[in-house]
1. Which one is nearest to Asp194 (Cα to Cα), of the residues in segment 129-181 that are outside any helix (DSSP H, G or I) and charged (D, E, K, R)?
2. Would you mention how many residues in segment 20-49 are more than 21 Å from Leu133 (Cβ to Cβ) and in contact with a helix residue (DSSP H, G or I) (Cβ under 9 Å, 6 or more places away or on another chain)?
3. Please determine, by comparing only the residues of segment 158-175 that are touching a strand residue (DSSP E or B) at 6+ places or on another chain (Cβ under 9 Å) and free of Cβ contacts under 8 Å to residues at least 40 places away in the same chain, which one is farthest from Leu100 (Cα to Cα).
4. Does Phe172 count as closer than 26 Å to Lys249 by Cα, buried (at least 20 other Cβ atoms within 10 Å of the Cβ) and not aliphatic (A, V, I, L, M)?
5. Name every residue in segment 36-91 that is surrounded by fewer than 17 Cβ atoms within 10 Å (Cβ to Cβ), of a type in the set (Asp, Glu) and under 24 Å from Leu140 (Cβ atoms), in order of residue number.
6. Could you list all residues from segment 234-265 that are closer than 21 Å to Phe112 by Cβ and either part of a loop (DSSP other than H, G, I, E, B) or in the same structural domain as Tyr110 (by TED's automatic domain parsing) (or both)?
7. With respect to Gln208, is the statement that it is out of contact with any Asp or Glu (no Cβ under 8 Å at 6 or more places or on another chain), part of a loop (DSSP other than H, G, I, E, B) and either farther than 18 Å from Trp271 by Cβ or small (Gly, Ala, Ser) (or both) true?
Amino acid sequence: MDTNSKDIDLQIIGYASTPFLWTKQTVLDLKQLEYKEQNNIPFNESIPINLRLGKRVERYVSAELKNNKAISILAENIQIQNDKLTIGEIDCILKQDNRLYHVEIIFKFYLFDATVGTTELEHWIGPNRNDTLIKKLTKLKEKQLPLLYNIHTKPTLDALNIEANELEQRVFFKAQLFTPYKRKTTVFNTLNEDCVQGFYINVKELGQFNDCKFYIPSKVNWLQNPQTQVNWLQYNNFTSKIHTLVDDKKSPLCWIKFPNGKLQKFFVVWWQ
């Protein structure tokens, strides 16, 4: 079964409006791919309803890049294998203005926790605390990008008539960031403050929102910007659903509608 086309359209809008996690400078020597971004991305594919969020984003990135006249994608989603064992995947090899690039695509949701680590990069963690920005950056630097130079990648490059050293390496790293509710302690020296999309709050603190309405999108619709026309939940109904999730140690992304009509994304966390 395919995902509803309206949901896909809204996911693409949410993806396209999400900024890059950093711009211009490098982070841990990782450079972002620079290209002319597009807001209206033509997308005619059907997407299986169970395709997870990360793989959806790869499809949307691919559609955006293919729609750019300066870019040609030479290969994407390349499984690198040693006999029958898959040792990794190269997301994309492309040509832009006569330069060749190996690009790794990442889309993440991170929450700021000043108690984790000591640096700006170390303070950002996944909603369930089993993922961190620094861990992802390290994996990119030490495992994913070096895969280009692995002996088992050579047959793929040979088929494209490319040598590994002809390729420049870039990341395509977008993220949505969330800060603690009403606490302005976050420092942005390296990362892009425009990535902040909302706040997070512990389940025990939800009482202050008892005059608001709520919506809990499915995981793939975390990409979407909050929409007005959804089945909003009243506070009591919302909190009973939330308690079921946090009791399971899940931190869901939700939408909140304040009494003044303002809409915002936020996470309810179990761990704070």
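The values are calculated or read from the model by the stated rules, or taken from the named source; none is laboratory data. Quick caveat: nothing in here was measured; it's all calculated off a predicted structure. Cβ coordinates were reconstructed from backbone atoms using ideal geometry, including for glycine residues, and neighbour counts include every protein chain displayed.
1. Among those that are outside any helix (DSSP H, G or I) and charged (D, E, K, R), it is Lys174.
2. Summing the residues that are more than 21 Å from Leu133 (Cβ to Cβ) and in contact with a helix residue (DSSP H, G or I) (Cβ under 9 Å, 6 or more places away or on another chain) in segment 20-49 gives 13.
3. Ala159
4. no
5. Correct list: Glu37, Glu89.
6. Lys249, Lys250, Ser251, Pro252, listed by residue number.
7. No; evaluated as a whole, the condition is false for this residue.
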